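One structure is given here, and the rest of the page talks about it.
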Amino acid sequence: MNLLAFDTSTEQMSIAVQRHGVASPWQHTAAGGAHSSTHLIPDIQRLMAQAELRFDQLDAIVFGAGPGSFTGLRTACSVAQGLAFGANLPVLPVDTLLAVAEEARFQTGAADPWVVTALLDARMDELYAASYYFDNDKWKQIKGCSLIKPEALVWDGSRVLAGNVFAAYAARLPDGPGLRVSALPTATAMLRLAPALLAAGAAVSAAQALPTYIRDKVAQTTLERAATKSAP
């Protein structure tokens, strides 16, 4: 399949293009955040040119739907919608925590069956967390996404934790001998997930593509910020 995938949900912007018949995808990574809003489209265009593909030759556009940075999710979704409208393509929203799990599995070369809890930094002293099971070349979610404090993570200590939270929260996560894998929701992970998701009917029209927001409230009021600062 010819696929374009990108994610701007974290501190890293990740783009990849897969061309039918070519073993390795074209890849590009750069800073996320505000950088993504100005560089995502030009970087996509450069990568598509390297792959010698036009947008109307793609089978679908794949994007990281969330959870993650609100600004990053809006950027990725709006770009996916705009490109898909222009080329009359379906859009495949991918769970960013599932992409973290897939990236960790790929990094470690883990054999199935494999259970992993994927974690992404939600800022405001919280984590996004979800658990997945990989067996027989298929992923299954075993615990849906939740927004929690690091100390509230329920983990038996023997399985795998994966994500971008260890530098900030390692000391506050549960102890255990299980493997900890630093991983992000890369565009290449999304390309590996895409065939099964497309076969399962997960693609939508450009008009139906939406980000996945877990936290309803982003900004604190002045009174809330003052209360946080004065708390013991």
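Some observations on this one:
- Among the residues of the stretch 1-53, those identified as polar (S, T, N, Q), within 16 Å of Phe70 (Cβ to Cβ) and in contact with a helix residue (DSSP H, G or I) (Cβ under 6 Å, 6 or more places away or on another chain) are Thr8, Ser9, Ser36, Ser37.
- A Cβ distance below 7 Å, combined with a sequence gap of six or more or placement on separate chains, defines the contacts here; from the stretch 141-155, residues that are farther than 15 Å from Pro67 by Cα reach residues that are in a loop (DSSP other than H, G, I, E, B) and open to solvent by 40 Å² or more (accessible area, probe 1.4 Å) in the pairs Lys149/Asp125.
- When Ala168, Ala111 are checked against the criterion of being within 20 Å of Gly32 (Cβ to Cβ) and open to solvent by 30 Å² or more (accessible area, probe 1.4 Å), a single residue qualifies: Ala168.
- Single match in Asp175, Asp156, Asp125 (criterion: acidic (Asp, Glu), farther than 29 Å from Ala84 by Cα and surrounded by 12 or more Cβ atoms within 10 Å (Cβ to Cβ)): Asp125
- Output for the stretch 1-26, where each listed residue is in a loop (DSSP other than H, G, I, E, B) and either without any contact (Cβ under 8 Å) to a residue 24 or more places away in the chain or β-branched (Val, Ile, Thr) (or both): Thr8, Thr10, His20, Gly21, Val22, Ala23, Ser24
- Looking at Ala65, Ala80, just one residue is open to solvent by less than 20 Å² (accessible area, probe 1.4 Å), more than 24 Å from Arg123 (Cα to Cα) and within 17 Å of the chain's Cα centre (by Cα), and that residue is Ala80.
- Residue within the stretch 111-123 that is in a helix (DSSP H, G or I) and in contact with a strand residue (DSSP E or B) (Cβ under 9 Å, 6 or more places away or on another chain) present: no
- Test: Leu73 is in a helix (DSSP H, G or I), open to solvent by less than 10 Å² (accessible area, probe 1.4 Å) and not polar (S, T, N, Q): yes
- Residues in the stretch 128-142 that are open to solvent by 100 Å² or more (accessible area, probe 1.4 Å) and part of a strand (DSSP E or B): Lys138, Lys140.
- Hits in the stretch 27-57 (condition: assigned to a helix (DSSP H, G or I), farther than 22 Å from Glu11 by Cα and open to solvent by 80 Å² or more (accessible area, probe 1.4 Å)): Gln50, Asp56
The values are calculated or read from the model by the stated rules, or taken from the named source; none is laboratory data. Note that the structure is predicted; figures quoted are calculated from it, not measured. Note that each Cβ is placed from the backbone with ideal geometry, even for glycine, and that neighbours are counted across all protein chains shown. Note: accessible area is taken over every heavy atom of the protein model, side chains too, but ligands, DNA and RNA are not part of it. Shrake-Rupley method; radii C 1.70, N 1.55, O 1.52, S 1.80 Å.
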